[in-house]
Amino acid sequence: MSTAQWKEQLEQILNSPLRVLRIDLQEWNNASLEQGALTPLEAVPGASLNVAGGRIWYAVRMERAHVEVIELEADALSEIERRLVGWTIENMKPVKPSIPHAAQEAERQAVELGVWITDQLEQGRLDNEVPEAMTFGGRLFSDMIPFLLVSEHERLRNTYAELEKLLNSFFIEEVMLIPLKEQEWLILGPMSLLSDAENEDRSEGDEETPRELLASMCSGLHGMLASEWVGECHLAVGEPIGPAKAIVETTSLLRETVFLGRKFHVGENVHLPWMLHLERLLGSIPESRRAEYMEQLLNRSDVLLEPEILMTLETFFRLDCNVSETAKKLYIHRNTLLYRLDKLKQETGLDVRMFRDAVLVKIILLLYKVTKRK
Amino acid sequence: MAGVRLEHIFKKYPGSETASVTDFNLDIKDKEFLVLVGPSGCGKSTTLRMIAGLEEISEGKLFIGERLVNDVAPKDRDIAMVFQSYALYPHMNVYQNMAFGLKLRKFKKADIDKRVRDAAKILDIEHLLDRKPKALSGGQRQRVALGRAIVREPQVFLMDEPLSNLDAKLRGQMRAEISKLTKRLETTTIYVTHDQIEAMTMGDRIVVMKDGFIQQTASPEELYNRPVNMFVAGFIGAPSMNFIKGTLSEQGGAIRFKTTGIDVALTEGRAQIVREKGLVGKEAIMGIRPEDFHDEPVFIEASPNSVVNAHVEVSENLGHEKYLYLNGLGTETVIARVDGRSTVTDGINVKLAIDMNKVHMFDLTTELNVFES
């Protein structure tokens, strides 16, 4: 059963809305200490905490330094129901892809490996190496390029075979496709993708860095999947790895990348871990601290949240604070843009043409996106 | 080939309080070149992505030809897309990039070869077929992206700001080439841009959008000459239309528009509309395109009821024309576009006549063009 399905069913049974959140472990620990405990409550599945605002958090699973929780209104539950929800979560079996019976050997092995990776992630064992028996006859010892694909669409029949065939055609070589959760796949592409590119004749001073190459590859693959497969999807790419050693940690990193990319950059579908450092840092700040910080900053004025100013600032930052380019892009006169920026300065004291204030406003905008979408 | 019909289309993202696209209704004719234009965030790309199948439609119906395609996957919609980020496949050469979609659709090798070479010839990239994308210039890459779409011979081309990564000169060239190409191929094309010059020069019809709403759908000429509201009037045209706030009054049988430095009479036809709409004695906004100011003595002599005096703060000579930045007409700077041979210079006072047959009048509250509504 997918998260959406069990969420919907639980909401129906309890007759109360619930939210699935991914919070920082630190946030869980802080909430736990605020209840008066001397040591933080362990975030094991089913553990529950009362938190501010009359809500209850239930830990569902832990991954890296994050905890997936469900949040309910405390008033909606009697004591017995509360214990029952905890017990249900504690005994909930993680959904594992069924291992195909008649499928090809490679698919069976891929599904097994996917289940193993999921287990390691759930247990927080990021350093674990792939057992010898699961290395696809040693293929996982060779370096490969990892992509994480998350589809927006419901699972289709024969998806694995169809997707694998499509990817093999695209990469012109065999790739490894490992199903993880429902609608989530790890793709291991051949290193020749990078070496071919390096061998190409290029003019001097026009060389692409390996990261730029990976970004182009990810963008091309996303374009192909969007138009030739089931439509919109999210794709992240990582630096090349030796999968036998680093597959768990890389999967965790790419999952976090897709999570952060979707959270902070709605509308973008290609996510690169090396472009999300600030988002990662901000994502690790406990929600209560973020809300507190935003409260203090936005108390200066609401002008920052006006749609016109938001659009202006996003474009201004995207164009590296270039006034002329921003005015051109927004179809406004340069003086209109300067007027808007002056108005912002007057109301908030923040002049985004100054580096220090620009950084601060950029952080406010990123945090606003997260807090706004509660 | 086929037309595209959008019926009451809405797009609302989960968690968002407002819709990104609201009640979008449009019938795009077969073989038409339709441009969606508007500022960032107006919903034009979202609309295109819904047509492409990359975004789910929250409400409404979408037809390609006579087929309802709301639930049809992008690959099965018989469309081809070209994006701003060319999204070429970096590990394939140009030939392979163009052939890939056909290969997936199991075309015969000979057919693939013919289509790729024909498209390459049209786009003048035959000599690049063995090269990989990174060895190409921006313009060449964009041609390959177009080629990849052309070989599919789809019912509809969808293009999302395909030229915005190119420099100005190349953009001009490619603009003309895409227009030529789509006319030759006779394929319905939906083209998204924020560049009004692209919109005006390429589109058979243009849809101007703002905040998720269609503001006006019309031919380029109609949009320019008969904008329905201040947003469209200000958005289309460069330099933008001048907006001057003043008062309408009846005097000696004529309707006059007055404000600081301006006291001009409307033409009889326009005056009648103002009377019928009960705007006499009220404030309104007059819209004047920069080229509707004239400094030629003949025009000034022939237009005694529309002469104004202004101070030229700055003049910009572009060779074939001159922009005059004027003070003293209302409260804001007004821009006039006069002939490049005009002798007007910075810092002088100048007499100009307004072509009153071409002015627009906007309601102060609704911002609608009272002559067009």
### Task
Please report how many Lys pairs in segment B:241-373 have alpha carbons closer than 25 angstrom, counting only residues at least 8 apart along the chain or sitting on separate chains.
14
### Query
Near B:K210, within a Cβ-to-Cβ distance under 13 Å, what is the net charge of the other residues, with Lys and Arg +1 and Asp and Glu -1?
-2
### Query
Accessible area per residue of segment B:4-235 at 1.4 Å probe, in Å²?
41 Å²
### Task
Could you please state how large a percent of the accessible area of chain A is carbon and sulfur, counting protein chains only and using a 1.4 Å probe?
51 percent
### Message
Cut-off under 16 Å on the C-alpha distance; same-chain residues fewer than 8 positions from B:K103 excluded. Which lysines are left, in chain and number order?
### Response
A:K165, B:K75, B:K114
### Query
Counting Lys +1, Arg +1, Asp -1, Glu -1, what net charge surrounds B:V298 among other residues with beta carbon under 15 Å of its beta carbon?
-3
### Query
Tell me, what is the 1.4 Å probe accessible area of A:W87, in Å² to the nearest 10?
150 Å²
#### Entry: Unit charges at the beta carbon, dipole of segment B:4-235: most positive-side option, B:Y191, B:S45, B:I125
B:I125
### Message
On a 18 Å Cα-Cα criterion, which of the cross-link pairs B:K31/B:K121; B:K121/B:K183; A:K263/A:K369 come out too long?
### Response
B:K31/B:K121
### Query
What percentage of the solvent-accessible surface of segment B:46-155, computed with a 1.4 Å probe over protein heavy atoms, is contributed by carbon and sulfur atoms?
45 percent
### Query
For the protein assembly as shown, what is the mean residue ellipticity at 222 nm derived from helices alone (per DSSP H run of n ≥ 4: -39500 (n - 2.57); sum divided by total residues; nearest 500 deg cm²/dmol)?
-12000 deg cm²/dmol
## Note on the structure
Between the alpha carbon centres of segment A:330-374 and segment B:100-122 the gap in Å comes to 49 Å
### Query
Based on the alpha-carbon gyration tensor of chain A and its eigenvalue square roots a ≥ b ≥ c, which shape applies: rounded if a/c is under 1.5, prolate if not and a/b is larger than b/c, or oblate?
oblate
### Query
Among the aspartates and glutamates, which have Cα under 17 Å from the Cα of B:K11 when same-chain residues fewer than 8 positions away are ignored?
A:E152, A:E232, A:E268, B:D23, B:E55, B:E56, B:E59, B:D71, B:D211
### Query
What residues of segment B:65-95 lose no less than 50 Å² of accessible area with every protein chain in place versus their chain by itself (probe 1.4 Å, heavy atoms only)?
B:K75, B:Y89, B:P90, B:H91
### Summary
In terms of the alpha carbon gyration tensor, root eigenvalues a ≥ b ≥ c, rounded if a/c is under 1.5 and otherwise prolate when a/b exceeds b/c or oblate, segment A:105-280 is rounded
### Query
Rounded to the nearest whole Å², what accessible area per residue is found for segment A:3-90 with the 1.4 Å probe?
55 Å²
### Message
Buried accessible area between A and B (1.4 Å probe, both chains summed, ligands and nucleic acids excluded), in Å² to the nearest 100?
### Response
2800 Å²
### Message
Apply the a/c threshold of 1.5 to the C-alpha gyration tensor of segment B:301-342 and tell me whether it is rounded, prolate or oblate.
### Response
oblate
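The values are calculated or read from the model by the stated rules, or taken from the named source; none is laboratory data. From a predicted model like this one, the values you see are computed outputs, not experimental measurements. No Cβ is skipped: glycine too gets one built from the backbone with ideal geometry, and neighbour counts run over all protein chains shown. To get the accessible areas, we keep the full protein, side chains included, count just its heavy atoms, and leave off ligands, DNA and RNA. Shrake-Rupley method; radii C 1.70, N 1.55, O 1.52, S 1.80 Å.
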